[in-house]
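Asker: Here you go, one structure.
The values are calculated or read from the model by the stated rules, or taken from the named source; none is laboratory data. Values in this document were obtained by computation on a predicted structure and should not be read as measured data. Note that each Cβ is placed from the backbone with ideal geometry, even for glycine, and that neighbours are counted across all protein chains shown.
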Amino acid sequence: MQQRQVGLPAWIFVPAALGVTLVLLPLVGMVSRVEWGSFFELVTSDSALTALSLSLRTSLVATVLCLLLGVPMALVLARTSFRGQGLVRSLVLLPLVLPPVVGGIALLYTFGRRGLLGDELDALGLQIAFSTTAVVLAQTFVSLPFLVVSLEGALRSAGARYEEVAASLGARPTTVFRRVTLPLVMPGLVSGAVLSFARALGEFGATITFAGSLEGTTRTLPLFIYNLRVVDPDAAVAMSLVLVAVAVLVIAFARPGRSTW
Amino acid sequence: MKSLVLTAVLALTLPLAACGSDSDDSSGGGDKTTTLTVYAAASLTATFEEIGKKFEAEHDGVKVEFDFGGSSDLVTQIQEGAPADVFASADTANMDKLVDADLAGDDPENFATNTLEIATPPDNPAGVAGFQDLAKKGLQLVVCAPEVPCGAATQTMADNLGVTLKPVSEEQSVTDVLAKVTSGEADAGVVYVTDVTAAGDAVTGVTFPESGDVVNTYPIAPVEGTDAEDLADDFVEFVLGDTGQQVLQDAGFGQP
């Protein structure tokens, strides 16, 4: 629907432009430091590729976990009502606003060797700290709320009308979910998944606190860049640019306009 | 419009830039507070905070602020223009970087030495008794990354003794290694003698006879171009003097 443009006060453009500058200027600053001559060589070094591949693998697994856990969570939050639902919603969205390093400490004292579940995990022969599993766990922890928020929003704006119609025609709940609900909210689901993936890819604080840093096992791209910036700043800048490129792609896929049609 | 944006950016950032250099009055006259910013290796955290307090007590209107971190991190930040007045490194290699960049205001002076020690959780669950034990299969070993001084020293020690270490994590600073040990995640971590002393009951220290073979020397220097040049020199002298040396020795540091 086309709305009539209401004029904005002219002064509002100044802080708005300032905000845009604040976001873009550091990127310009970083790009100005890129050594283009050796760029390709730097981003394709063995340890860079190891970190990149570890990051992509763990982020993909984390995104799948987010889908498996987050879709049911969003459905329960959007389509049911129970006492304390508001509280539950606030709590599961906590990782969204929590400093990641705090998340890392929380994970450590839960899944660590001396944590809440340490003995049980030990009895099962599972050791999570310092493993790739720890990386995935940290990434899932921080990125799950992104999927839940996107999908719950999509579910609420889509409404339950079609689902009610399908049910009244005799479709069973699982059929309704599969044939009506999912296709209806697919754009929201996709953008939520892409956002979760991006958040997982950028995860740093919880990972370094909980999982440690070892090449090929736990040293994901952000940790690699953190390590690299003191020994080889040129390579760190080059790898950072790779992550910026990924981030731009992610925004192109998941910009808000697409999720709401 | 373009110039408007530029003006606005400058208006926003200039006051911030001014905050960074409030140490312009090094004579410290009247009731004006002068701030001295000291960048120091993470392993100096406890000792330098104490030395800082004693320094403040002897200098009216002076406030000493610290930034503790991995020496390699700190020297990189100074090279990028961080407002440090004094730099204290945990090894000579990172101080050399400062000197090579013409950023040392004076010749660096060595003020302390430190050697390695193994830290384990209080009950030493893996029964580590010496450096060779760190190569035990299944041992959860955490060390510093090779680019930070404690990691370089660990690597040298391992090479000297012909021990192949397979750490589960390489941390960015010695305090990060200690954190993994005190939380019980790691069975053992290679840190400095002084870290074990500072950690108290939180860890059990395991000394090994070869530790004296690899000694880290700590140099300190004022940073070139500091606004508080006299004060920076004073602080360096203070660390090298009786009071500073006493604090360092109490914490387990050796004399250079």
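Asker: Going by what's in this entry, would B:G130 be described as under 16 Å from the mean Cα position of the chain (by Cα) and not hydrophobic (A, V, I, L, M, F, W, C)?
Answerer: Against the criterion (under 16 Å from the mean Cα position of the chain (by Cα) and not hydrophobic (A, V, I, L, M, F, W, C)), B:G130 does not qualify.
Asker: Out of all the residues in region B:205-228, which are over 21 Å from B:E80 (Cβ atoms) and either out of contact with any Asp or Glu (no Cβ under 7 Å at 6 or more places or on another chain) or among the β-branched types (V, I, T) (or both)?
Answerer: Matches in region B:205-228: B:V206, B:T207, B:F208, B:P209, B:E210, B:G212, B:D213, B:V214, B:V215, B:T217, B:Y218.
Asker: Restricting to strands (runs of 3 or more DSSP E) lying wholly in region B:79-162: which have 1 or more residues that are more than 19 Å from B:T37 (Cα to Cα)?
Answerer: Because the criterion is at least 1 residues that are more than 19 Å from B:T37 (Cα to Cα), the strands (runs of 3 or more DSSP E) in region B:79-162 that meet it are B:109-120, B:141-144.
Asker: Can you tell me which residue among A:L223, A:L214 is touching a residue at least 40 places away in the same chain (Cβ under 8 Å), surrounded by fewer than 23 Cβ atoms within 10 Å (Cβ to Cβ), within 14 Å of chain B (Cβ to nearest Cβ) and not hydroxyl-bearing (S, T, Y)?
Answerer: A:L214
Asker: If I go through region B:160-175 residue by residue, how many of them are at pLDDT below 90 and among the charged types (D, E, K, R)?
Answerer: 0
Asker: Looking at this structure, is B:A126 within 14 Å of chain A (Cβ to nearest Cβ) and small (G, A, S)?
Answerer: yes
Asker: Regarding B:L178, is this residue of a type in the set (A, V, I, L, M) and not in a helix (DSSP H, G or I)?
Answerer: Taking the combined requirement at face value, the residue does not satisfy it.
Asker: A further question follows. From B:E65, B:E50, grab the single residue that is more than 16 Å from B:V174 (Cβ to Cβ), acidic (D, E) and assigned to a strand (DSSP E or B).
Answerer: B:E65
Asker: Does A:S240 fit the bill of being within 24 Å of B:C144 (Cα to Cα), of a type in the set (G, A, S), assigned to a helix (DSSP H, G or I) and away from chain B (no Cβ under 14 Å)?
Answerer: yes
Asker: Taking only region B:200-234 into account, find how many residues are assigned to a helix (DSSP H, G or I) and touching a Pro at 6+ places or on another chain (Cβ under 8 Å).
Answerer: Adding up the residues that qualify gives 5.
Asker: To continue, here is another question. Being within 16 Å of the chain's Cα centre (by Cα) and closer than 26 Å to A:A160 by Cβ is the filter; apply it to region A:74-109 and report the residue that is farthest from the other protein chains (Cβ to nearest Cβ).
Answerer: Checked region A:74-109; the qualifying residue farthest from the other protein chains (Cβ to nearest Cβ) is A:A74.
Asker: Restricting the search to region B:134-171, which residues are of a type in the set (D, E, K, R) and surrounded by fewer than 19 Cβ atoms within 10 Å (Cβ to Cβ)?
Answerer: The answer is B:K136, B:K137, B:D159, B:K166.
Asker: Right, here's the next one. Test A:W11 against the stated conditions and say whether it is aromatic (F, W, Y) and either surrounded by 10 or more Cβ atoms within 10 Å (Cβ to Cβ) or within 12 Å of another protein chain (Cβ to nearest Cβ) (or both).
Answerer: Taking the combined requirement at face value, the residue satisfies it.
Asker: Which residue, of A:R83, A:R113, A:R89, is assigned to a helix (DSSP H, G or I) and basic (K, R)?
Answerer: None of the other options fit; the residue is A:R89.
Asker: Please go through region A:8-51 and give me each residue that is in a helix (DSSP H, G or I), closer than 13 Å to A:V242 by Cα and of a type in the set (V, I, T), ordered by number.
Answerer: A:V31, A:V43
Asker: Does A:V185 qualify as being more than 23 Å from the chain's Cα centre (by Cα), surrounded by 15 or more Cβ atoms within 10 Å (Cβ to Cβ) and modelled with pLDDT of 90 or more?
Answerer: No.
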